[in-house]
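Everything on this sheet refers to the single structure shown next.
The values are calculated or read from the model by the stated rules, or taken from the named source; none is laboratory data. Nothing here was measured: the structure is a model prediction, and the numbers come from that model. Cβ coordinates were reconstructed from backbone atoms using ideal geometry, including for glycine residues, and neighbour counts include every protein chain displayed. Ligands, DNA and RNA are stripped out before the accessible areas are found, and what is left, the full protein with its side chains, is counted by its heavy atoms. Shrake-Rupley method; radii C 1.70, N 1.55, O 1.52, S 1.80 Å.
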Amino acid sequence: RSKTTHENTNKKKTTKATTSLPSTPVVAKKSFPVNDQTLNDGAIDISPEERVKHVLETLQGVDKAACEQIVNDILVLDEKVYWDDIAGLNSAKNSLKETVVYPFLRPDLFKGLREPVRGILLFGPPGTGKTLIAKAVATESNSTFFSISASSLLSKYLGESEKLVKALFYLSKRLAPSIIFIDEIDSLLTARSENENESSRRIKTEVLIQWSSLSSATTKENINNDNRVLLLAATNLPWAIDDAARRRFSRRIYIPLPEYETRLEHLKKLMARQKNTLTQTDFETISKETAGFSGSDITSLAKEAAMEPIRELGDKLMDIDFEKIRGISRSDFENAMLTCKKSVSNDSLKPYQQWAAQFGSNG
Ligand code: ADP
């Protein structure tokens, strides 16, 4: 992978013994000067697991149980997604490289006017790769990834949610660079309504306070860990987010349904690791026939097609050698197409396009 371009950029070597980070395929975490020694966890070149353990042992002014809950339920340490795993979405990838990945990897270059942004919104129809792209941003920027859906924040942790939000932002700073990914953000940052209850209002307020605290901690001379915490949110209902909250997302990136070229790339990626008899023409035909499919629909279609060679074996399946199973064919896709349909209607796309034109960052 191309991370080696950053290999020689570490200006200030840590004096601690370094160990490699086996689960992180990028170069070991860099050490950069920070202005608060209690937050200086980024300077220790240890494995992510050890780093988390160290932070949990040295918590300050925050609820321990809430922190442990975050580590157990919300912190994602072992799921790596790379840009290459995602078909298409090149303008979104480029925008995220510039606004997050490079700034997080080279904080020494991105300060002052070039300071990284604190909030990015990914919006678009369901199944278009928003979650996938969030994971890739975290992997590619070598960040700690916290992932939670707003609805579980509002329901599952009710009563504890404010403590949890505090703990979440606290840990994200201690474990910076960090991405806090909140899916279904519309349900949290929704425009005030009559039936909004007291507790969800309090959670929303706490998120806004904590989110603001990220920017106020900035200093010009030092690279504070707070500079490298991003709230990355996703929504299928961008218009439900209230105006003030919307403005806090400095970038609002439209993740649309895949075009022909992207569908073709996605299908080829999916089939690359599967025995198949598909020709270039077959790939092109399937890509044309799947107009209107989301990325998730295409994955489901390919999974269904992949079942056909197995299904036709019936009970013989138990005895057959893996190598003898026939390759996935064009007609498997034709059959799969009878059951797998597109999940997003044409009519529902218009509001996204309108919202993108009005509020989107990538036109
Ligand atoms: P969203 O968050 O937009 O609802 P997800 O990121 O959860 O969508 O996507 C669901 C699944 O669909 C992914 O796990 C992946 O298998 C597939 N998928 C969607 N978009 C893409 C894409 N652009 N490239 C590769 N796979 C995709």
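Which residues, counting only those in the range 259-298, are in contact (Cβ under 8 Å) with a residue 40 or more places away in the chain, among the hydrophobic types (A, V, I, L, M, F, W, C) and in a helix (DSSP H, G or I)? Matches in the range 259-298: Met271, Ile286, Ile298. Looking at the structure I just gave you, is Lys93 of a type in the set (Lys, Arg), within 14 Å of the ligand (Cβ to nearest atom), in a helix (DSSP H, G or I) and within 17 Å of Arg251 (Cα to Cα)? Here the answer is yes, as Lys93 does meet what is asked. The residues of the range 156-174 that are within 15 Å of Glu198 (Cβ to Cβ) and in a helix (DSSP H, G or I), listed by number, are Ser161, Glu162. Flag: Gly119 matches the condition of being among the small types (Gly, Ala, Ser), in contact (Cβ under 8 Å) with a residue 40 or more places away in the chain, away from the ligand (no atom under 14 Å from the Cβ) and within 14 Å of Ala234 (Cβ to Cβ). Does Leu301 satisfy being open to solvent by 50 Å² or more (accessible area, probe 1.4 Å), within 22 Å of Pro125 (Cα to Cα), within 13 Å of the ligand (Cβ to nearest atom) and among the aliphatic types (A, V, I, L, M)? So Leu301 does not fit the description; no.
Rundown of residues vs (1) within 16 Å of the ligand (Cβ to nearest atom); (2) open to solvent by 20 Å² or more (accessible area, probe 1.4 Å); (3) modelled with pLDDT under 90, yes/no style:
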residue	(1), (2), (3)
Ala134	yes, no, no
Ala167	no, no, no
Lys173	no, yes, no
Ile182	yes, no, no
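With respect to (1) in a strand (DSSP E or B); (2) farther than 20 Å from Gly360 by Cα, the lone exception for Ile182 is condition (2). The condition (being open to solvent by 50 Å² or more (accessible area, probe 1.4 Å), within 26 Å of the chain's Cα centre (by Cα) and away from the ligand (no atom under 16 Å from the Cβ)) is satisfied by just one residue among Ala244, Ala272: Ala244. Determine if the range 280-295 includes at least one residue that is farther than 19 Å from Pro125 by Cβ and within 16 Å of the ligand (Cβ to nearest atom). Among the residues of the range 280-295, at least one is farther than 19 Å from Pro125 by Cβ and within 16 Å of the ligand (Cβ to nearest atom), which makes the answer yes.
Condition check ((1) within 11 Å of the ligand (Cβ to nearest atom); (2) charged (D, E, K, R); (3) crowded, with 21+ Cβ neighbours inside 10 Å) across all residues:
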site	(1), (2), (3)
Val62	no, no, no
Asp73	no, yes, no
Leu77	no, no, no
Asp85	yes, yes, no
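State whether one or more residues within the range 219-232 are within 16 Å of the ligand (Cβ to nearest atom), open to solvent by 70 Å² or more (accessible area, probe 1.4 Å) and either modelled with pLDDT of 90 or more or basic (Lys, Arg) (or both). No, every residue in the range 219-232 fails to be within 16 Å of the ligand (Cβ to nearest atom), open to solvent by 70 Å² or more (accessible area, probe 1.4 Å) and either modelled with pLDDT of 90 or more or basic (Lys, Arg) (or both).
Look at the range 38-55: where a residue is in a helix (DSSP H, G or I) and a partner is open to solvent by 30 Å² or more (accessible area, probe 1.4 Å) and modelled with pLDDT under 50, sitting 6+ places away or on another chain with Cβ atoms under 7 Å, you get Ala43/Thr14; Pro48/Ser23. Remark: pairs (first residue in the range 63-84, without any contact (Cβ under 8 Å) to a residue 60 or more places away in the chain; second residue of a type in the set (A, V, I, L, M, F, W, C) and open to solvent by 30 Å² or more (accessible area, probe 1.4 Å); Cβ separation under 8 Å; 6+ apart in sequence or on different chains) = Lys64/Leu56; Glu68/Leu56; Val81/Leu132.
Can we say Pro125 is open to solvent by less than 10 Å² (accessible area, probe 1.4 Å) and farther than 25 Å from Leu77 by Cβ?
Yes: the conditions hold for Pro125.
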